[in-house]
Amino acid sequence: MINDESIEHLYLCTDHLNKINIKFNIAMKLVQKYMIQNSNDPLKVIPKEYHSYLNIFSEEKVKHFLPPQKWNHHIDLLPTFKPKAFPNYKLAPKGMEELDKFLDENLEKGFIHPLKSPMASPFFFIGKKDQKLQPCQDLNTHM
């Protein structure tokens, strides 16, 4: 039985003005704990009907880009466009370590290459359910 004592309130600040109130009950905590413990075994976490799609999310298969396809694209910029470089967000030591790791891995795979443009966007990390950090780029700075 779930009662008031079994519910915790977690406030996540999306910015200085807005807050999201999330209620966690015991069942949700147990599911989260199970997901973290079994996150290395996708067969235990992903429902059976989706097992045929496991290869899409395989870390092993994502070692390089696919060869160029006819639907590759580029963005034509207006002649009046002036590129802007925004300073990076200050990262904690763990974030800096993850950033170095992310850059090294993705440079090696060829997913990214050294920047030749003066255009740049701030980079940061958000926490994932499996306790890892997800890299994010703040593209809203250009709007």
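The requirement of being modelled with pLDDT of 65 or more, part of a helix (DSSP H, G or I) and not assigned by TED's automatic domain parsing to the domain that holds Leu139 is not satisfied by Gln69.
Residue check: Gly127 meets all listed conditions (1) exposed (fewer than 10 other Cβ atoms within 10 Å of the Cβ); (2) without any contact (Cβ under 8 Å) to a residue 24 or more places away in the chain; (3) over 29 Å from Lys33 (Cβ atoms) but one, namely (3). Being in a loop (DSSP other than H, G, I, E, B) and either surrounded by 11 or more Cβ atoms within 10 Å (Cβ to Cβ) or touching a residue at least 12 places away in the same chain (Cβ under 8 Å) (or both) holds for only one residue in Leu103, Leu107, Leu91, and it is Leu91.
The values are calculated or read from the model by the stated rules, or taken from the named source; none is laboratory data. Everything numeric in this text was worked out from a predicted model, so none of it was measured. Neighbour counts run over all protein chains shown; Cβ positions are idealised from the backbone, glycine included.
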